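The values are calculated or read from the model by the stated rules, or taken from the named source; none is laboratory data. A quick note: this is a predicted structure, and the numbers were derived from the prediction, not measured. Glycine also receives a Cβ, built like all others from the backbone with ideal geometry; neighbour counts cover every protein chain displayed. SASA here: full protein model, heavy atoms, side chains in, ligands and nucleic acids out. Shrake-Rupley method; radii C 1.70, N 1.55, O 1.52, S 1.80 Å.
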Amino acid sequence: MPSETSQKTNRIPEKGLPKNTIIQELEAKLQRDLTYSSGKILCSMCTSPHSFAKQIYRKYLEKNLGDPSLFPASAELEQETVSMLGSLLSNPKACGSIVSGGTEANIIALWAARNLAKKACGEVIVPVSTHHSFDKASDLLNLKLIKVKLNSSYQMDVKAAEKAITPKTVAIVGLAGSTGLGVVDPIRELSEIASEHNVYLHVDAAFGGFVLPFLKELGYKPLDFDFRLPSVCSVTIDPHKMGLAPIPAGGILFRDAKMSEAVSTKVPYLAEGEMKQSTLLGTRSGASAVAVWALLKHLGRAGYASVVERCLGLTWKLVEGIQRIDGLALVTEPTMNIVGVKSDTVDVSLVFRELRKRGWAVSLYLNCIRIVIMPHTKKSHIKRFLEDLQSILENLRT
């Protein structure tokens with residue numbers, strides 16, 4: 001039971017408090033939160049939003065995409081945003097919505113796949129490395145997840161995926177940037193399998209959607225993952241990750257309107273009478289969509305390519321430093337700006353705990369330390385992190 005003190009503290013005050021008093025209390029309460037500007041957050045796929053996007057977001061907070069009859073211009077900007085994202089993913093005619101994040105986008109994708117397939121007790125084939133949002137989706141949609149093994153490169157095993165297809169299969173999910181290691185599944189091969197078996201293919205590119213399109217022009221090996229592949233039906237892409245947009249800003253893109261229509265519901269009470277919605281949420285932030293629109297226009301392809309180039313450059317600085325530390329090794333060569341570090345000589349969970357004691361927010365993923373290099377990370381942060389990592393390894397050995 002809460003204490004009497006906490007009960008008093010958590011009651012709404014009878015009379016409102018001055019703004020300065022509230023701000024001082026908030027600053028005191030939120031001191032324990034980490035900040036991106038510190039450079040110590042090295043495990044998050046989110047980052048400090050771009051200053052211009054924050055400005056736009058604040059200005060248009062009242063916009064509600066749940067009722068486009070009241071905010072028709074905002075709804076139009078959302079569709080322009082979806083078209084721009086579609087262009088980034090090789091399909092400017094894509095349709096979809098700006099949603100709360102990758103979890104909602106993935107749920108909507110499987111919702112569409114289930115409704116289009118019209119199969120009872122449907123099954124969805126995913127890699128064991130899949131994001132936990134698909135577990136949520138399967139529970140909500142009464143779908144069974146069939147989790148298949150990975151190959152030696154930590155990608156979805158294509159042969160295992162094909163073998164798992166049954167008459168109950170409603171979708172295959174491929175990852176274009178796994179949460180754990182940033183690995184891209186063999187989407188081209190999955191597209192061929194999906195075509196052969198007439199199965200819906202969804203690509204979770206929540207993180208990779210703002211990284212992979214720029215690899216070729218930056219001199220890295222390009223990877224096929226988007227609507228360029230004919231069997232890709234939908235793609236998740238999160239502007240609030242490498243897209244630098246304020247939270248919440250996810251994206252669900254469908255190849256065509258027929259797929260989006262599969263999840264449309266009728267709302268009878270809005271200003272113009274019966275209207276359709278194709279999202280999980282009713283009330284939705286128009287400010288998010290407008291901020292993404294503004295940011296795409298402001299940075300352009302060249303601006304985003306520059307962001308990716310810098311993050312990948314720092315990633316390889318980190319990799320080089322790790323390879324110089326005796327006792328540490330990479331789990332696999334990074335595809336994007338996510339690095340997994342393992343060791344055969346020390347317990348990485350002990351290394352993880354020591355890093356956390358020194359304020360470094362890294363994550364423990366399976367048997368490795370997972371590090372994500374985001375736009376808020378600087379060269380000086382990498383240098384300090386490597387110095388602490390070296391020091392910790394030396395201390396653990398002695």
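Take the chain and mark each of the GluC sites (Glu not before Pro) that is in a DSSP loop with at most 12 other Cβ atoms within 10 Å; the longest unmarked stretch, sites excluded, is 63-271. What does the convex hull of the Cα atoms of the stretch 216-277 come to per residue, in Å³, rounded to a whole number? Taking only Cα atoms, the stretch 216-277 has a hull volume of 131 Å³ per residue. Mean sequence separation of contacting Cα pairs (under 8 Å, at least six apart), scaled by the length of the chain, corresponds to a relative contact order of 22 percent. Rounded to the nearest 0.05, what FRET efficiency is calculated for Ser153 and Ala28 with R0 set to 41 Å and r the Cβ-Cβ distance? Efficiency for this residue pair is about 0.30. Cα gyration tensor of the stretch 44-98, axes a ≥ b ≥ c as square roots of the eigenvalues: rounded (a/c below 1.5), prolate (a/b > b/c) or oblate? It comes out oblate by the Cα gyration axes. The stretch 345-376 and the stretch 227-306 have Cα centres separated by 33 Å.
Computed with a 1.4 Å probe over protein heavy atoms only, the accessible area of Leu355 comes to about 0 Å².
Expressed as a whole percent, the accessible surface of the stretch 167-259 that belongs to carbon and sulfur atoms is 52, based on a 1.4 Å probe. Each Cα pair of the stretch 1-97 feeds into the Kirkwood radius, which the Stokes-Einstein equation turns, at 25 °C and 0.890 mPa s, into a diffusion coefficient of 133 µm²/s.
The phi torsions of the stretch 100-108, fed into the Karplus equation with coefficients 6.51, -1.76 and 1.60 and a -60° offset, translate into couplings of 6, x, x, 4, 4, 4, 5, 4, 4 Hz, rounded to whole numbers, with Gly and Pro shown as x. Annotation: amide H-H contacts under 5 Å for Leu145 (H modelled 1.01 Å from N, sequence separation of 5 or more, or interchain): Val124.
Karplus-derived 3J(HN,Hα) values for the stretch 240-247, using 6.51 cos²θ - 1.76 cosθ + 1.60 with θ = phi - 60°, are 7, 9, 6, x, 6, 8, x, 6 Hz; glycine and proline are entered as x.
Once C-alpha pairs closer than 8 Å and six or more residues apart are averaged by separation and normalised to the residue number of the stretch 244-398, the relative contact order reads 17 percent.
Heavy-atom accessible surface of the chain, averaged per residue, reaches 49 Å², computed with a 1.4 Å probe. Strictly greater than 24 Å: what percent of every Cα pair in the stretch 263-398 meets that? Beyond 24 Å sits 49 percent of the P(r) for the stretch 263-398. In a DSSP loop and with at most 14 other Cβ atoms within 10 Å, the trypsin sites (Lys or Arg not before Pro) in the stretch 134-171 are Lys149.
Applying 1/(1 + (r/R0)^6) with r as the Cβ-Cβ distance of Leu140 and Trp316 and R0 = 41 angstrom yields a FRET efficiency of 0.55. Taking a point 7 Å out from the Cα of Lys168 in the direction of its Cβ, the residues of the stretch 187-213 whose backbone N falls within less than 18 Å of it are 199-200. Accessible area per residue (1.4 Å probe, heavy atoms of protein chains only) ranks Trp360, Trp293 as Trp293, Trp360, with the largest value leading.
Taking 0.36 nm per residue of sequence separation and removing the Cα-Cα distance, the Lys221/Lys276 pair yields an extension gain of 15.6 nm. Looking at the stretch 327-384, the trypsin sites (Lys or Arg not before Pro) that sit in a DSSP loop and have at most 16 other Cβ atoms within 10 Å of their own Cβ are Arg358, Lys378.
Accessible surface for Cys233 stands near 20 Å², nearest 10, in the context of the full protein assembly shown (1.4 Å probe). Excluding residues fewer than 8 places away in the same chain, name every one of the aspartates and glutamates whose C-alpha is closer than 12 Å to that of Lys276. In chain and number order, the partners are Asp67, Glu261. Rounded to the nearest Hz, the phi-derived 3J(HN,Hα) couplings of the stretch 296-308 under the Karplus curve 6.51 cos²θ - 1.76 cosθ + 1.60 (θ = phi - 60°) are 4, 5, 6, 7, x, 4, 5, x, 5, 4, 5, 4, 5, where x marks glycine and proline. Using a/c under 1.5 as the rounded threshold, could you call the stretch 94-172 rounded, prolate or oblate? The axes a ≥ b ≥ c are square roots of the C-alpha gyration tensor eigenvalues, and prolate needs a/b larger than b/c, oblate otherwise. It is oblate, given that a/c is not under 1.5 and a/b is not larger than b/c.
Summary value for the stretch 159-230: 31 percent relative contact order, contacts being C-alpha pairs under 8 angstrom separated by 6+ residues. Taking the alpha carbon gyration tensor of the chain, multiplying each eigenvalue by 5 and rooting it gives semi-axes of 34, 31, 21 Å, largest first. Between Val267 and Ser87, the simple spin-label model (points 7 angstrom out along Cα→Cβ) gives 2.8 nm. With the simple spin-label model, which puts each label point 7 Å out from Cα in the Cβ direction, the Gln323 to Lys297 separation comes to 4.4 nm. Beta-bridge orientation, the chain: approximately 60 percent antiparallel, per DSSP, counting only bridges with both partners inside.
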